[in-house]
Amino acid sequence: MSESTTPEPDSVMAAITAAVQLGHAGDRAGARAALEALWDEPGDALHRCTIAHFAADVQETVADELRWDQRALAAAGDLTDECLQEHDAAWQVRQLLPSLHLNLADAHRRSGNFPDAHRHLAAALTNLDALPDDDYGQLIRGGAEKIDQALDKNSTAPLVP
């Protein structure tokens with residue numbers, strides 16, 4: 001009988017998850033501090049993309065959120081499918097891009113920068129076909145529709161869930 005091996009736990013992803021849970025529990029400042037501390041540590045492209053993606057969600061201003069969203073997309077530029085698949089065999093970089101671009105589209109929209117919002121929405125739409133037909137895919141597709149509708153109205157108001 002052969003021994004099965006389990007992958008080593010990813011301590012950085014565990015720390016990211018713990019920080020995100022702080023934010024979900026209402027401690028946005030604690031989540032922000034934890035994610036910013038993780039950002040200051042060396043890490044691979046997936047860790048940096050993930051940290052920035054979630055750090056954007058706990059910022060106090062749209063301008064700060066936008067900076068973190070830009071960092072997430074920049075880090076994604078260094079990702080490869082092979083790197084992603086070390087963490088989850090089913091993922092491809094194209095599946096992350098719609099979410100990253102939609103976050104940028106929404107932050108630009110709320111900042112009143114409609115040209116950049118439209119540009120990032122268009123970039124997100126080009127990769128929607130890569131999304132799985134599951135809850136994640138539906139969430140991202142629904143987000144694209146909401147942002148498109150808000151842009152049609154030239155709205156800078158936050159989106160309602």
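The values are calculated or read from the model by the stated rules, or taken from the named source; none is laboratory data. Since the model is a prediction, treat every value here as computed from it, not as a measurement. When we count neighbours, we look across all protein chains shown, and the Cβ atoms used for this are built from the backbone with ideal geometry, even at glycine.
What the table shows:
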{"quantity": "Of all residues making up segment 97-119, the number that are in a helix (DSSP H, G or I) and among the small types (Gly, Ala, Ser)", "calculated": "4"}
{"quantity": "Only one of Ala150, Ala122 that is surrounded by 15 or more Cβ atoms within 10 Å (Cβ to Cβ) and assigned to a helix (DSSP H, G or I)", "calculated": "Ala150"}
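Matching residues to (1) surrounded by fewer than 17 Cβ atoms within 10 Å (Cβ to Cβ); (2) at pLDDT below 95; (3) outside the structural domain of Arg109 (by TED's automatic domain parsing):
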residue	(1), (2), (3)
Ser4	yes, yes, yes
Gly30	yes, no, yes
Leu35	no, no, yes
Leu38	no, no, yes
Ala45	no, yes, yes
Phe54	no, no, yes
Arg67	yes, no, yes
Ala76	no, no, yes
Leu84	no, yes, yes
